[in-house]
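Below: the structure, in structure tokens.
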Amino acid sequence: MISQSEKDILWEKHRPYVEILSQVNNSYVSVTEWRIKCLYVSPNFGDFFDYVSDYNLKTIEEQVEIIDASIHPDDLAAVINFQDRVFDYIFSLPFEERKDYKHIFEFRVMGPSRKYLRIIFQYHILEGAETKDYVLLLFVADISPEQGLDEPVKFKLVNFKTNEVVKFPLFEEKNMALTRREVEVLKLVNEGMLSKEISDKLSISVHTVNRHRQNILEKIAADNMYEAISYGHKFGLLE
């Protein structure tokens with residue numbers, strides 16, 4: 001368990017960097033002790049989000065309330081779903097690797113002019129304990145140079161030490177992602193069957209099997225069937 005004095009020392013170590021960062025490119029910067037309290041909010045919060053200036057932005061609840069209320073309704077569900085799952089993934093990693101990942105979102109928010117803006121929202125863990133009892137999070141938001149307001153939510157989880165991009169589908173829900181037939185095909189691929197063998201077993205054409213395979217890759221944002229099988233195991237589709 002990390003004591004309050006240790007937490008204070010860790011935050012003071014990062015504070016000068018955070019204050020400099022908040023002055024670069026007019027970025028909105030915030031640091032929170034995850035699910036506990038807000039430690040820092042840059043003064044330009046109002047340049048990004050539509051909010052009443054007398055809010056006490058030092059509370060996590062009010063920051064989250066303002067940001068969530070500002071996110072475009074078509075983007076909000078994906079953003080919340082993604083955030084929850086990304087944290088589950090990060091905390092499944094070995095403790096020493098958790099600070100190596102940066103979460104990068106791009107979505108639409110209602111700005112101070114009452115018009116939607118696309119923003120790039122990044123966050124990563126600055127400090128943490130092996131449990132979720134103490135997590136120091138850095139948030140950085142910038143206005144996207146590409147203001148395509150018809151574009152959907154975009155997301156990347158990047159290991160900035162290796163430049164590896166971890167693939168996540170927009171939604172985790174099994175029934176929403178894959179049809180029963182696609183799950184069936186994925187199970188047979190996992191058993192080592194080739195398309196012709198799957199075709200014979202399911203009494204469908206090879207062309208149909210290959211179409212199912214392609215649909216699986218597209219729906220769960222996988223590059224190959226090996227990644228799709230890993231996804232299937234992770235979410236219990238292959239049991």
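The values are calculated or read from the model by the stated rules, or taken from the named source; none is laboratory data. Treat the numbers as computed from the prediction; the structure is a model and nothing was measured. All Cβ positions, even for glycine, are placed from backbone atoms using ideal geometry, and neighbour counts span all protein chains on display. We work out accessible area using only protein heavy atoms, side chains counted, and drop any ligands, DNA or RNA first. Shrake-Rupley method; radii C 1.70, N 1.55, O 1.52, S 1.80 Å.
Let me confirm something: among Val153, Val209, which residue is more than 23 Å from Phe107 (Cβ to Cβ), at pLDDT 80 or above, open to solvent by less than 50 Å² (accessible area, probe 1.4 Å) and among the hydrophobic types (A, V, I, L, M, F, W, C)?
Val209
Give the residue that is modelled with the highest pLDDT, with candidates limited to residues of segment 47-57 that are closer than 22 Å to Asp142 by Cβ and open to solvent by 70 Å² or more (accessible area, probe 1.4 Å).
Asp47
Is at least one residue of segment 78-85 hydrophobic (A, V, I, L, M, F, W, C) and surrounded by fewer than 17 Cβ atoms within 10 Å (Cβ to Cβ)? Steps first, please.
Just the residues of segment 78-85 that are hydrophobic (A, V, I, L, M, F, W, C), to begin with: 78-80, 82.
Okay, now just the ones that are also surrounded by fewer than 17 Cβ atoms within 10 Å (Cβ to Cβ), so 80.
Among the residues of segment 78-85, at least one is hydrophobic (A, V, I, L, M, F, W, C) and surrounded by fewer than 17 Cβ atoms within 10 Å (Cβ to Cβ), which makes the answer yes.
Going through segment 139-150 one residue at a time, which ones are surrounded by 14 or more Cβ atoms within 10 Å (Cβ to Cβ) and either at pLDDT below 90 or not polar (S, T, N, Q) (or both)?
Selection gives Phe139, Val140, Ala141, Asp142, Ile143.
When you scan segment 133-149, do you find a residue that is part of a loop (DSSP other than H, G, I, E, B) and in contact with a Leu (Cβ under 6 Å, 6 or more places away or on another chain), even just one?
Going through segment 133-149, the residues part of a loop (DSSP other than H, G, I, E, B) turn out to be 133-134, 144-149.
Right, trim to in contact with a Leu (Cβ under 6 Å, 6 or more places away or on another chain) and you get none.
Checked segment 133-149: no residue is part of a loop (DSSP other than H, G, I, E, B) and in contact with a Leu (Cβ under 6 Å, 6 or more places away or on another chain).
Just to be sure, is Glu164 modelled with pLDDT of 85 or more and within 20 Å of Lys219 (Cα to Cα)?
no
Which of the numbered conditions does Glu12 fail, given that it passes all the others? Conditions: (1) surrounded by fewer than 13 Cβ atoms within 10 Å (Cβ to Cβ); (2) within 25 Å of the chain's Cα centre (by Cα); (3) at pLDDT 90 or above.
Evaluating Glu12 over (1) surrounded by fewer than 13 Cβ atoms within 10 Å (Cβ to Cβ); (2) within 25 Å of the chain's Cα centre (by Cα); (3) at pLDDT 90 or above leaves (2) as the failure.
Please work out if Ser70 is polar (S, T, N, Q), free of Cβ contacts under 8 Å to residues at least 60 places away in the same chain and either touching a helix residue (DSSP H, G or I) at 6+ places or on another chain (Cβ under 8 Å) or open to solvent by 10 Å² or more (accessible area, probe 1.4 Å) (or both).
On the way: polar (S, T, N, Q): yes; free of Cβ contacts under 8 Å to residues at least 60 places away in the same chain: yes; either touching a helix residue (DSSP H, G or I) at 6+ places or on another chain (Cβ under 8 Å) or open to solvent by 10 Å² or more (accessible area, probe 1.4 Å) (or both): no.
Answer is no for this residue.
All but one of (1) open to solvent by 20 Å² or more (accessible area, probe 1.4 Å); (2) touching a helix residue (DSSP H, G or I) at 6+ places or on another chain (Cβ under 8 Å); (3) among the β-branched types (Val, Ile, Thr) hold for Ile120; which doesn't?
Ile120 satisfies every listed condition except (2).
When you check Val135 against the structure, is it in contact (Cβ under 8 Å) with a residue 40 or more places away in the chain, within 21 Å of Lys37 (Cβ to Cβ) and out of contact with any Ser or Thr (no Cβ under 8 Å at 6 or more places or on another chain), yes or no?
Numbers: in contact (Cβ under 8 Å) with a residue 40 or more places away in the chain: yes; within 21 Å of Lys37 (Cβ to Cβ): yes; out of contact with any Ser or Thr (no Cβ under 8 Å at 6 or more places or on another chain): yes.
The answer is yes for Val135.
When you scan segment 15-33, how many residues do you find that are open to solvent by less than 80 Å² (accessible area, probe 1.4 Å) and closer than 21 Å to Ile120 by Cβ?
Selection size over segment 15-33: 11.
Take segment 91-115 and flag every residue that is outside any strand (DSSP E or B), basic (Lys, Arg) and open to solvent by less than 30 Å² (accessible area, probe 1.4 Å).
Residue satisfying the conditions is Arg98 alone.
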